[in-house]
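Some notes on the structure that comes next.
The numbers here are math on the coordinates, done by the rules we state, and not lab data. Quick caveat, the model's predicted, so the values are computed rather than measured. Cβ placement follows ideal geometry from the backbone for every residue including glycine, while neighbour counts extend to all protein chains displayed.
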Amino acid sequence: NATSMLSAYEPEPDADPEDLDATLRQGRRITAKIPTVLAAFERARQGEDPIAPDSDLSHAANFLYMLTGTEPDAVSAETFDMALTLHADHGLNASTFTAMVIGSTMADIYSGVTGGIGALSGSLHGGANQDVMEVLYEIDASEKDPVEWVKDARDSGRRIPGFGHRVYAVKDPRAKILEEKLRDLAESSGDTKWLDYTTAIEEYLTDQGLLEKGIAPNVDFYSGSVYDSMGIPVDMYTPIFAMSRVGGWIAHVVEYQDDNRLIRPRARYTGPDDVSFVPVDER
């Protein structure tokens, strides 16, 4: 809703969607404002005043500053910047394709981004790193050894979030990078709990043969721990995904519109044949 609302404050509201330069300017404004909106929302619900962005800080560091009121250290700023970069694009996933379909109608870029956010809100696309983090909280509260907890959970039929991907049958290359960044954060803060938990769980499930079945850690398995280590609330993880992925949505829409053709799939009827029409008042 907030992103859709931003269109009401667009300084070029009548720009032609076929004007590439105008669309890029709008895209930059959207990309810049979403972190400000998210940080202001979080502070407002905590009863705190919003913090204006600092033009001397990077895109990633600015969000952390506006969220917490404290300028992040170099490790946190670099890690969050890398996390945003890793999540910015990932092929024709559901939200990117949604934005492209909308863009193919030559709707404005605000409409495409709003549609992408709507697709991302579904539990099968966004939210996996939140699920991982909630499991880690549950393990921590149980005071069990992480491996023991996972054994019990699997025995009871539970699935462990953060494993498996529609594209990768091996460890997600983004997960490898964020694992190293989690290690950097742990060394910087001196708190290795989430690193210890995640590496122990990964080693155990790998030993159990999941990797041989093509079920390997994905990016969400480590991104939640990275965000938690920087003090980001767990229900902000999917909005941050949108904050990052907006760059990919806009890039795909702009690229597609450069040689645009309306995306209009055909449907094939598979229902019953030779069915007689029954008037409404006779049904």
Taking R0 as 22 Å, what's the FRET efficiency between Asp155 and Lys193 from their Cβ-Cβ distance, rounded to 0.05? 0.35
FRET efficiency, Phe41 to Thr70 (Cβ-Cβ, R0 25 Å, nearest 0.05): 0.85
Rounded to the nearest 0.05, what FRET efficiency is calculated for Arg183 and Ser123 with R0 set to 30 Å and r the Cβ-Cβ distance? 0.55
Rounded, prolate or oblate (a/c below 1.5 giving rounded, otherwise prolate when a/b exceeds b/c) for segment 152-208 by Cα gyration tensor: oblate
Full-extension gain in nm, Glu10 to Val280, via 0.36 nm per residue minus C-alpha separation: 92.4 nm
Principal axis dimensions, largest first and in whole angstrom, of the chain by Cα: 62, 59, 39
Hey, can you grab everything whose amide H is under 5 Å from the amide H of Phe163? Only 5+ residues off in sequence or another chain; H modelled, so Pro and N-termini drop out. Asn218
With springs connecting C-alpha atoms under 10 Å apart, model the chain as a Gaussian network and identify which of Gln208, Gln257, Gln26 has the largest mean-square fluctuation. Gln208
Note the full-extension length gain between Arg266 and Lys33 as 0.36 nm times their separation in residues minus their Cα-Cα distance, in nm to one decimal. 80.2 nm
